[in-house]
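To start, the structure under review is shown below, and the notes come after it.
The values are calculated or read from the model by the stated rules, or taken from the named source; none is laboratory data. On a predicted model such as this, the values are computed, not experimentally measured, just so you know. Reconstructed Cβ throughout: ideal geometry from the backbone, glycine too, with neighbour counts over all protein chains shown. With ligands, DNA and RNA removed, areas are computed over all heavy atoms of the protein, side chains included. Shrake-Rupley method; radii C 1.70, N 1.55, O 1.52, S 1.80 Å.
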Amino acid sequence: MAALREASRLARAASGEAVDRLPVWLMRQAGRYLPEYQALRQVHDFLTLCETPELAAEVTLQPLRRFELDAAILFSDILLPLRLLGAELAYVDGRGPQLTGLGDLSRVAFPTSDQVASELGFVGEAIRLVRRELDPATPLIGFAGAPFTLLSYLLEGGPSTDFARTKALLNQDQPAFVRLLAGLGELSYQHLALEVAAGADLVQLFDSWVGTLAPSDFTAVVAPVMTELIGRLRALGVPVIYFAPQTAGYLPTVAATGPDVVSVDWRLSISEARRLTGRPCQGNLDPAVLRDGPAGRIEREVERIVREWGPAPGLIFNLGHGVDPRTPLDHVSRLVDAVHRVRP
Ligand code: CP3
């Protein structure tokens, strides 16, 4: 069974091998644009969906019943492991996630791998349930937050536009910043090792906010932690995708941290991403195009991206960020069909 998934179009593209049809999946494919997800959310809050393996597995599988996607991604959230540091986590409608109760971060205690395994046991259980129902040829993507993005949530306590607290620590006490980043790198590793042990076939690191950094700070502070983390994950035998939006100004340094695939946003052309990374790339349709359509524009944009990538192998079609909750379902099927029709 695992051999089938190793030969999947997604795995082949991730290792730069040719495919008969381009693989496509969508960040946030499991979620609010699906009426069957909304129906479950009427009954359960978001954390309950994440923490109940049967429900998380069900939500993971929902988009695959509707669309011919080339991968499933586990339904979960990057912020769940931060509760192991003593944070309380709440998802507040309209305000995004809120982390409270952390106190002095310089004294925060990082969990042992046994604690991670027991506190995040529901994640492994959800993966095992998904694997039981998912087509044996379809890969399952596990994911975690990358250390910088996790640290920015810890320091800001929620979404931020200027990352003032994060930058204050970076500017005023770089050793403390690096210590926290290293601890979070270990937490990301434990989280993903658990997912791989449970059956995840590939892993993606989400570094949603790292693009707020200057190239010099990314290089000096974040890149060493990412290089170590990615090296350890690849040693587990799974391909690693690094999602680092808004880093067009230092994409070669992002690629040099060693992921199999770099996942880019829509602010640079995919040909530029290929040139700057020199490796397989994932992206890069603007989620607003998928939301707004019309269908003809979605199809033309798919053709444009594939043409810009060119004939080389190594393209994984995706959005540049997550599916917008207002996206009509028929736009998603038009996108998936268009990607599968186009000659790689
Ligand atoms: O991609 C998938 O379908 C898998 C599930 C998934 C979720 N979150 C479910 C979710 C994944 C991969 C994530 C990653 C995630 N979570 C990121 C990185 C990707 C990105 O968008 O930049 C971040 C920054 C988070 C933190 C987070 N979780 C935020 C900011 C929010 C609220 C804002 C929002 O987009 O809804 C969440 C909640 C969340 N995570 C929801 C879902 C389906 C919405 C919950 C609901 O209201 O039902």
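With the condition kept exactly as written, say whether any residue in the stretch 238-250 is open to solvent by less than 10 Å² (accessible area, probe 1.4 Å), touching a Gly at 6+ places or on another chain (Cβ under 6 Å) and either closer than 21 Å to Ala11 by Cβ or without any contact (Cβ under 8 Å) to a residue 24 or more places away in the chain (or both). Within the stretch 238-250, none of the residues are open to solvent by less than 10 Å² (accessible area, probe 1.4 Å), touching a Gly at 6+ places or on another chain (Cβ under 6 Å) and either closer than 21 Å to Ala11 by Cβ or without any contact (Cβ under 8 Å) to a residue 24 or more places away in the chain (or both).
Would you mind telling me which numbered condition in (1) surrounded by fewer than 22 Cβ atoms within 10 Å (Cβ to Cβ); (2) under 20 Å from the mean Cα position of the chain (by Cα); (3) within 12 Å of the ligand (Cβ to nearest atom) Ala56 fails? Here Ala56 meets the rest and fails (1). Among the residues of the stretch 196-216, those that are more than 12 Å from the ligand (Cβ to nearest atom), part of a helix (DSSP H, G or I) and in contact (Cβ under 8 Å) with a residue 40 or more places away in the chain comprise Val196, Ala197, Ala198, Thr212. Scanning for something closer than 22 Å to Pro63 by Cβ, more than 14 Å from the ligand (Cβ to nearest atom) and touching an Asp or Glu at 6+ places or on another chain (Cβ under 7 Å), does the stretch 100-123 turn up at least one residue? Yes - at least one qualifying residue is present in the stretch 100-123. The set of residues in the stretch 189-216 that are among the charged types (D, E, K, R) and under 12 Å from the mean Cα position of the chain (by Cα) contains only Asp207. Scanning the stretch 40-53 for residues being open to solvent by 60 Å² or more (accessible area, probe 1.4 Å) and assigned to a helix (DSSP H, G or I) gives a total of 4.
One line per residue, one yes/no per condition, for (1) out of contact with any Pro (no Cβ under 9 Å at 6 or more places or on another chain); (2) at pLDDT 95 or above; (3) surrounded by 23 or more Cβ atoms within 10 Å (Cβ to Cβ):
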residue: Pro175; (1), (2), (3): yes, yes, no
residue: Val178; (1), (2), (3): no, yes, no
residue: Glu195; (1), (2), (3): yes, yes, yes
residue: Ala198; (1), (2), (3): yes, yes, no
residue: Gly211; (1), (2), (3): no, yes, no
residue: Ala220; (1), (2), (3): yes, yes, no
residue: Pro224; (1), (2), (3): yes, yes, no
residue: Val264; (1), (2), (3): no, yes, yes
residue: Arg267; (1), (2), (3): no, yes, no
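Just for the stretch 60-96: of the residues that are in contact with a Pro (Cβ under 8 Å, 6 or more places away or on another chain), part of a strand (DSSP E or B) and within 10 Å of the ligand (Cβ to nearest atom), which one is nearest to Leu10 (Cα to Cα)? Filtering the stretch 60-96 for residues that are in contact with a Pro (Cβ under 8 Å, 6 or more places away or on another chain), part of a strand (DSSP E or B) and within 10 Å of the ligand (Cβ to nearest atom), the one nearest to Leu10 (Cα to Cα) comes out as Ala72. May I ask you to say which residue of Arg12, Arg107, Arg95 is within 30 Å of Pro328 (Cβ to Cβ) and either modelled with pLDDT of 95 or more or loosely packed, with under 13 Cβ neighbours inside 10 Å (or both)? That would be Arg95, the only listed residue that is within 30 Å of Pro328 (Cβ to Cβ) and either modelled with pLDDT of 95 or more or loosely packed, with under 13 Cβ neighbours inside 10 Å (or both). The number of residues in the stretch 167-188 that are farther than 24 Å from Leu129 by Cα and under 17 Å from the mean Cα position of the chain (by Cα) comes to 2.
The set of residues from the stretch 142-163 being crowded, with 24+ Cβ neighbours inside 10 Å and more than 13 Å from the ligand (Cβ to nearest atom) comprises just one member, Pro147. When the stretch 273-324 is examined, which residues are found to be touching a residue at least 40 places away in the same chain (Cβ under 8 Å), open to solvent by 40 Å² or more (accessible area, probe 1.4 Å) and part of a helix (DSSP H, G or I)? If the condition is that a residue be touching a residue at least 40 places away in the same chain (Cβ under 8 Å), open to solvent by 40 Å² or more (accessible area, probe 1.4 Å) and part of a helix (DSSP H, G or I), then Arg274, Arg291 are the ones that fit. If you filter the stretch 19-39 down to residues that are assigned to a helix (DSSP H, G or I) and near the ligand (Cβ under 9 Å from one of its atoms), you find that the one that is surrounded by the most Cβ atoms within 10 Å (Cβ to Cβ) is Tyr37.
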